[in-house]
1. Between Ala17 and Tyr63, what is 0.36 nm times their sequence separation minus the Cα-Cα distance? Round to one decimal in nm.
2. Which distance in nm do the two modelled labels at Gln136 and Ser382 give, with both placed 7 Å along the Cα-to-Cβ direction?
3. Could you calculate the contour length gain from Ser204 to Tyr412, that is, 0.36 nm times the residue separation minus the distance between their Cα atoms, to one decimal place in nm?
4. In terms of modelled amide H atoms, which long-range or inter-chain residues lie less than 5 Å from the amide H of Ile193?
5. Quick one: pull the percent of accessible area on region 7-334 belonging to carbon and sulfur, 1.4 Å probe, ligands and nucleic acids left out.
6. Taking the Cα centre of each part, how many Å lie between region 1-19 and region 61-79?
7. Okay, helix-only estimate at 222 nm for the chain: each DSSP H run of n ≥ 4 adds -39500 (n - 2.57), divide by all residues, round to 500 deg cm²/dmol; what do you get?
8. Taking Cα centroids, how far is region 169-216 from region 325-382 in Å?
Amino acid sequence: SRYRPDWDSLDARPLPAWFDQAKVGVFVHWGVFSVPAWGSEWFWWHWQGEHRSDYQRFVQRRYPPHTTYADFAPRFTAHDFQPREWAQLFQRAGARYVVLTTKHHEGFTNWGSPVSWNWNSLDTGPHRDLVGELGQALRESNIHYGLYHSLLEWFNPLYLADKESGFKTQNFVLKKTMPELYDLVLKYNPDLIWSDGDWEAPESYWNSTSFLAWLYNDSPVKDTVVVNDRWCNNCSCHHGGYYNCADKYKPGTLPTHKWEMCSSIDKLSWGYRSNMNISELMDEASIIEELVQTVSFGGNYLLNVGPTKEGVIVPIFQERLLALGRWLDINGEAIYESKPWRVQMENSTDTVWYTSKGPVVYAIFLIWPRDNILELSSPTPSPATQVTMLGFAGTLKWQESPVKGLLITLPYMLPSPLPPQSGWTVKLEGVK
């Protein structure tokens, strides 16, 4: 049976299983905005679209008079970009998929797009196919490859003319957006398409349903590709593949539809900022907490880094990614391929979260209890109940709680002036 170019038909497509099993991904925001490396990846819009005085002052202070945004492109060199090193880092971070910006709202493409003349990474700047090089390195490391692509371009004259017409004309879609989407799929066989830039225009303008019908019926990735929900101005959280709903979305209860939370180590930006401060970055504990909450609610966690214009992932970002990877080395059994349990969190607290695999239940606790006794009221124990802790040999003693649930005696931890790392997992077998 073939999918029709309408939401009823497209939304009925089952999500390829690899995505729900993967759970952990890395997002990479990289482009010409990495050259000014200030404010955010929306630099051009804040500067020339909104004419914000702080952005105008920044350019006046640091660049020659009459500098245009296009003048930044030659400085986007990617001189130090080592795709294999990136892939190795992402693998050590525990990422099962990586999503790269192929084109942000600035319109610059990180591959030699045939319809982005002189505003792409082959003709100017790096003179390299960044999308292709990273894709090859990720595939060698067995990591799924996702491509972020913005439907709109802030200052493209074709887009502005279509917008002027109330989106009754479609010159930009027919000459730019769609040719690029088809080109990306046919050239790079992505496992995921992370669409964005959808919010100004309806589906009838973007032709999204026609593209998705082709993607699911006839494209080289028709059986494996996954897409998100940003395909038109009222699609988010309603149509597409899995749901993003909004940046940094936290549902608070278990959604009925597969979803993904995208978050950024730099809390103020997705692109690299040269002036970021340590207090503006997520620490290891908050990253693990976000991951655990997201997966308990059935979501995937996509954690973003912004490389420099040279293609360096700065050491502080590497450190955060490697810390996440070390945590997953021990606790990944409770994360990868897991499913939400009947209860997502311990009712009295948001410091204990549950996942499951078949009959096995995992309780991930974010704060070590003072008296070394972990109290769980949600699971019902049986005589056959066995409790172990991931990363710790042997079984743990437990007893039935006088109220309900069970009391688990944790291994003794040596006293330390530092708060211990964040997040431990007890594995419960033979509970209901």
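The values are calculated or read from the model by the stated rules, or taken from the named source; none is laboratory data. Here the structure is a predicted model, which is why all the values come from computation and not from measurement. Glycine also receives a Cβ, built like all others from the backbone with ideal geometry; neighbour counts cover every protein chain displayed. Remember, those area values only see protein heavy atoms, side chains included, never the ligands or the DNA or RNA. Shrake-Rupley method; radii C 1.70, N 1.55, O 1.52, S 1.80 Å.
1. On the way: separation 46, 0.36 × 46 = 16.56 nm, distance 4.90 nm.
That works out to 11.7 nm of additional length.
2. With each label point 7 Å from Cα toward Cβ, the separation is 5.4 nm.
3. Full-extension gain reported as 68.7 nm.
4. Leu147, Val226, Val227, Asn228
5. 50 percent
6. 43 Å
7. Result for the chain: -7000 deg cm²/dmol, rounded to the nearest 500.
8. The distance from the Cα centre of region 169-216 to that of region 325-382 comes to 40 Å.
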